[in-house]
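Here is the structure we will look at, set down as structure tokens.
Every read-out reported here was derived from the displayed coordinates using simple, explicitly stated rules and does not represent laboratory data. Being a predicted model, the structure only gives us computed values, none of them experimental. Cβ atoms come from the backbone with ideal geometry, glycine included; neighbour counts cover every protein chain shown.
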Amino acid sequence: MNTLYQNHLIRVEIETSEIPWLKIFSVQPYKEFSQCDPDTKVAILQALDVIEKAMLQTFQPAKINIASFGNYLPQVHFHIMARFNNDSFFPEPMWGKKQREGQLALELTAFYQTMAKTLAQHCG
């Protein structure tokens, strides 16, 4: 588990990948978003907004993908992924059929370090 940020409502984790990919979890084990208390809903959406804007500004991706499945892990969580025309799976989902060997040269470590500070400022 690569926890990037956590407060009493949410936890943000890094998904190891060739693309910028973060996941937001509710701290409480809610199964569905509609079951979250209002403060948790606001915290999730606020973090999602901060992450999406930072990915757009930093990487200028072709698209931001936001997903919430939870079939294998039945706890509220959202995946936020910056997608690129030349990533390994585009236009397929990251769980789909690989299309090519990705040719991305992204500085993810610095982005994640900055993201941790930004989340602490805006969501703390």
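Structure notes:
- Overall form of the chain per C-alpha gyration tensor (a/c, 1.5; a/b vs b/c): oblate
- Cleavage-rule hits (trypsin sites (Lys or Arg not before Pro)) in the range 25-71: DSSP loop, at most 12 neighbouring Cβ within 10 angstrom: LYS31
- Spin-label pair ASN71/ASP49, simplified geometry with 7 Å Cα→Cβ offset, distance in nm: 3.2
- The Cβ shell under 13 Å around GLY70 holds other residues with a net charge of +1, Lys and Arg each +1, Asp and Glu each -1.
- Anchor LYS63: lysines whose Cα lies under 21 Å away (excluding residues fewer than 8 positions away in-chain): LYS23, LYS53, LYS97, LYS98
- Within-13-Å neighbourhood charge of ALA82 [Cβ basis; K, R +1; D, E -1]: -2
- Per-pair calculated FRET efficiency, R0 = 25 Å: THR114 and GLN60 via Cβ, rounded to 0.05: 0.95
- The chain: angle of helix 108-123 to the longest principal axis, Cα-based, in degrees nearest 10: 30
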